[in-house]
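Trainee: Below is the structure I would like to discuss, written out as structure tokens.
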Amino acid sequence: MQNPASNFHIGAKAPELNPEWLKPEDPFQGYFEVNTPAPETEELVRSRSASRWLRDIQMMMDHKAYLFQQTLSSKSGPSVFANNRDMYMLSSYDYLGLIGNQYIENATINAVRQYGTGTGGARMLAGTCLIHRQLETAIANFKNKEAAIVFPSGYVANLAAISTLIQKSDRIIIDELIHRSLIDALHMAQLDFEKCRHNDMAHLESLLEKPSTAKRTILIYEGIYSMEGDLCPLPEIVALKNKYGAILFMDDSHSLGVLGENGRGIDEHFGIPAHEIDVFTSSLSKALPGGGGFIATSKQAVIFMQHAAAPFVFSSAMSPANAAACLASFEVLEKEGPERIAKVFENAHYLIKHLNRLGYDTGTTESPIIPVIIGDREKTIKLSAKLYELGFLANPVIFPAVPPGGDRLRLCATAAQSKLMLDEVIFAFDIARSCLL
């Protein structure tokens, strides 16, 4: 089926669209009856949070604007097949355009044939395969650290790092916009922490200057922030870390494969030696088209986590398929990284330039993550729904994922997007401006 967006031409009249045919999929199979009050919360989930979500979902379903959980029946990438039609994907993390890469797919298939679909156990017991060892060695070499340890997801990797390497006697300072997985890990480990204003180095130093009886000071930052697209000021952070004798944890999930000439991450981007960052954590499902996460740090810390990190000891190992996909992705990145990185930033700059020309606020992004900040929940949802009608999947991000008034669409530029596609995207955003009036 042809993508309605493929009929667009700059300056042409918008195509006539059938709203019934083009409405988003209902992932709840009719649970929310249109134009009725939201369902009452049942005993099991009775809370203010559940009530708010049921009301919000009901409102979105009433307006045919529930854009979450849309089912793809094809590979992800710059174009996808969803809800019986071809669409352009604007919110995929596939920064380097590696989803569907034949070398990576073949390596994954071969790993399933050699190791099977599962490992039969946790890494501590029967679940360690040769390919896990190979992947951990490749990660440690790529990040210039002594050792690495892999997990089934980036969320779990952050949980392991925080809960195992940080103690209650430590003073912990975090950037206020670090990822939810890090916040959850701190709460689950029952660790107290102070929030530093986002990327505010004067505020960070004022916190570090305060007298403390803590044995150690831990700083937690991200390379690229997932909702803003901006970078942490790593040179200034490292300078303060050294001045006050702190330990630095860095979540490199969105900067791995994207920043630096070779995609090694935030440290390569700024020319900071890797030893200045004590602990790297990262997802393996953003620029790299696999699944899983890792921690890269000292050899001794990895040995300790192999025996004391609950997410490593008590959960099943990363699947052989994911391990193989990630290992092959690092091989492709070593060969093709600079070219793909240059392309993704070329596309990001092009999109930002023209979205700004149309009057859209893209915030302070410095990366392929492009927030289109609307600041109003209903207008954000309407904009996303209008783009869906036009053939574009652009996920809305609303409270509580962002603070009230920070409602936005989050776009992702990728190396696989063509100039023609980007022009279609820009034209669609031009047409969709009417729903913001």
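No value in this document is a laboratory result; all are computed from the given coordinates. Fair warning: this is a prediction, and the values are worked out from it, not measured in the lab. Every residue, glycine as well, gets a Cβ built from its backbone with ideal geometry; the counts of neighbours run over all protein chains shown.
Trainee: List the number of the failed condition for R410; all other conditions in (1) basic (K, R); (2) closer than 23 Å to G257 by Cβ; (3) more than 16 Å from the chain's Cα centre (by Cα) hold.
Mentor: Exception for R410: condition (3).
Trainee: A348 - would you say it is in a helix (DSSP H, G or I), of a type in the set (A, V, I, L, M, F, W, C) and either over 19 Å from the mean Cα position of the chain (by Cα) or more than 30 Å from P233 (Cβ to Cβ) (or both)? Can you show your working first?
Mentor: On the way: in a helix (DSSP H, G or I): yes; of a type in the set (A, V, I, L, M, F, W, C): yes; either over 19 Å from the mean Cα position of the chain (by Cα) or more than 30 Å from P233 (Cβ to Cβ) (or both): no.
So A348 fails the test.
Trainee: Another question, if that's okay. Which one of these is touching a residue at least 60 places away in the same chain (Cβ under 8 Å), in contact with a strand residue (DSSP E or B) (Cβ under 7 Å, 6 or more places away or on another chain), within 18 Å of K143 (Cβ to Cβ) and among the small types (G, A, S): G337, G293? Let's see the steps before the verdict.
Mentor: On the way: G337 fails: in contact with a strand residue (DSSP E or B) (Cβ under 7 Å, 6 or more places away or on another chain).
Criteria check complete, one pass: G293.
Trainee: If you scan the stretch 214-238, which residues turn out to be β-branched (V, I, T) and touching a helix residue (DSSP H, G or I) at 6+ places or on another chain (Cβ under 7 Å)?
Mentor: First, pick out the residues of the stretch 214-238 that are β-branched (V, I, T): 217-218, 220, 224, 237-238.
Hits for the stretch 214-238 are T217, I220, V238.
Trainee: If I go through the stretch 25-56 residue by residue, how many of them are part of a helix (DSSP H, G or I) and either among the small types (G, A, S) or in contact with a Phe, Trp or Tyr (Cβ under 6 Å, 6 or more places away or on another chain) (or both)? Steps first, answer last, please.
Mentor: As a first pass, look at the stretch 25-56 and keep what is part of a helix (DSSP H, G or I): 43-45, 48-56.
Checking which are either among the small types (G, A, S) or in contact with a Phe, Trp or Tyr (Cβ under 6 Å, 6 or more places away or on another chain) (or both) leaves us with 49-51.
Total meeting the criteria: 3.
Trainee: Scan the stretch 105-125 residue by residue and report those that are among the small types (G, A, S) and part of a loop (DSSP other than H, G, I, E, B). It would help to see each step written out before you state the result.
Mentor: Just the residues of the stretch 105-125 that are among the small types (G, A, S), to begin with: 107, 111, 116, 118, 120-122.
G116, G118, G120, G121, listed by residue number.
Trainee: Could you tell me which of the residues S298, S319, S285, S315 is under 18 Å from the mean Cα position of the chain (by Cα) and small (G, A, S)? Walk me through how you get there before you give the answer.
Mentor: Numbers: S298 fails: under 18 Å from the mean Cα position of the chain (by Cα); S319 fails: under 18 Å from the mean Cα position of the chain (by Cα); S315 fails: under 18 Å from the mean Cα position of the chain (by Cα).
Step by step, each of S298, S319, S285, S315 is checked, and only S285 is under 18 Å from the mean Cα position of the chain (by Cα) and small (G, A, S).
Trainee: While we're here: Looking at the stretch 183-203, which of its residues are of a type outside the set (K, R), assigned to a loop (DSSP other than H, G, I, E, B) and closer than 22 Å to L240 by Cα? Steps first, answer last, please.
Mentor: Filtering the stretch 183-203 for residues of a type outside the set (K, R) gives 183-194, 196, 198-203.
Filter once more, keeping what is assigned to a loop (DSSP other than H, G, I, E, B): 189-193, 198-200.
Within the stretch 183-203, D192, F193, H198, N199, D200 qualify.
Trainee: Residues E176, E209, E194, E205: which one is out of contact with any helix residue (DSSP H, G or I) (no Cβ under 9 Å at 6 or more places or on another chain) and acidic (D, E)? Spell out the reasoning first.
Mentor: Details: E209 fails: out of contact with any helix residue (DSSP H, G or I) (no Cβ under 9 Å at 6 or more places or on another chain); E194 fails: out of contact with any helix residue (DSSP H, G or I) (no Cβ under 9 Å at 6 or more places or on another chain); E205 fails: out of contact with any helix residue (DSSP H, G or I) (no Cβ under 9 Å at 6 or more places or on another chain).
It is E176.
Trainee: Related question: Among the residues of the stretch 171-182 satisfying the criterion of being free of Cβ contacts under 8 Å to residues at least 60 places away in the same chain and part of a loop (DSSP other than H, G, I, E, B), which is nearest to the chain's Cα centre (by Cα)?
Mentor: For the stretch 171-182, the residue satisfying everything is L177.
Trainee: Enumerate the pairs (first residue in the stretch 207-229 and surrounded by fewer than 18 Cβ atoms within 10 Å (Cβ to Cβ); second residue anywhere and aliphatic (A, V, I, L, M) and not in a strand (DSSP E or B)) with beta-carbon separation below 9 Å, excluding pairs fewer than 6 apart on the same chain, so at least 6 apart or on different chains.
Mentor: R216/I166; R216/A246
Trainee: Oh, and also: Just give me the residues in the stretch 204-239 being in contact with a Phe, Trp or Tyr (Cβ under 7 Å, 6 or more places away or on another chain) and part of a helix (DSSP H, G or I), in sequence order.
Mentor: L208, L234, P235, I237
Trainee: Right, another one. So which residues in the stretch 171-206 are crowded, with 19+ Cβ neighbours inside 10 Å and of a type in the set (S, T, N, Q), if there are any at all?
Mentor: S181, N199 - these are the residues of the stretch 171-206 that are crowded, with 19+ Cβ neighbours inside 10 Å and of a type in the set (S, T, N, Q).
Trainee: Scan the stretch 351-372 for residues that are assigned to a loop (DSSP other than H, G, I, E, B), more than 17 Å from the chain's Cα centre (by Cα) and either over 24 Å from L234 (Cα atoms) or among the small types (G, A, S) (or both) and jot them down.
Mentor: L358, G359, Y360, G363
Trainee: Scan the stretch 244-267 for residues that are surrounded by fewer than 19 Cβ atoms within 10 Å (Cβ to Cβ) and either of a type in the set (G, A, S) or free of Cβ contacts under 8 Å to residues at least 12 places away in the same chain (or both) and jot them down. Before the answer, list the steps.
Mentor: Within the stretch 244-267, the first condition is being surrounded by fewer than 19 Cβ atoms within 10 Å (Cβ to Cβ), and the residues that meet it are 244-245, 247, 261-262.
G245 - this is the single residue of the stretch 244-267 that is surrounded by fewer than 19 Cβ atoms within 10 Å (Cβ to Cβ) and either of a type in the set (G, A, S) or free of Cβ contacts under 8 Å to residues at least 12 places away in the same chain (or both).
Trainee: Here is a follow-up. Kindly indicate whether any position in the stretch 380-391 is in contact (Cβ under 8 Å) with a residue 12 or more places away in the chain and surrounded by fewer than 17 Cβ atoms within 10 Å (Cβ to Cβ).
Mentor: We begin by selecting, within the stretch 380-391, every residue in contact (Cβ under 8 Å) with a residue 12 or more places away in the chain; these are 380-391.
With the extra rule that they be surrounded by fewer than 17 Cβ atoms within 10 Å (Cβ to Cβ), the set shrinks to none.
The answer is no, given that none of the residues of the stretch 380-391 is in contact (Cβ under 8 Å) with a residue 12 or more places away in the chain and surrounded by fewer than 17 Cβ atoms within 10 Å (Cβ to Cβ).
Trainee: Filtering the stretch 26-52 down to residues that are among the β-branched types (V, I, T) and surrounded by 11 or more Cβ atoms within 10 Å (Cβ to Cβ), which residue is nearest to A65 (Cα to Cα)? Spell out the reasoning first.
Mentor: From the stretch 26-52, those among the β-branched types (V, I, T) are 34, 36, 41, 45; that's our starting set.
Those still in the list that are surrounded by 11 or more Cβ atoms within 10 Å (Cβ to Cβ) too: 34, 41, 45.
On the way: V34: 12, T41: 22, V45: 24 Å.
Once the filter is applied, the top-ranked residue is V34.
Trainee: So, one more: Look at I131 and say whether it is crowded, with 19+ Cβ neighbours inside 10 Å and either in contact (Cβ under 8 Å) with a residue 60 or more places away in the chain or assigned to a helix (DSSP H, G or I) (or both).
Mentor: Working: crowded, with 19+ Cβ neighbours inside 10 Å: yes; either in contact (Cβ under 8 Å) with a residue 60 or more places away in the chain or assigned to a helix (DSSP H, G or I) (or both): yes.
So I131 passes the test.
Trainee: Follow-up question, since we're still on this one. Need pairs with beta-carbon distance below 6 Å; first residue under 22 Å from V112 (Cα atoms) and touching a residue at least 60 places away in the same chain (Cβ under 8 Å) and within the stretch 299-321, second among the β-branched types (V, I, T) and assigned to a helix (DSSP H, G or I); sequence gap 6+ or separate chains.
Mentor: So the pair list comes out as P320/I131; A321/T108; A321/V112.
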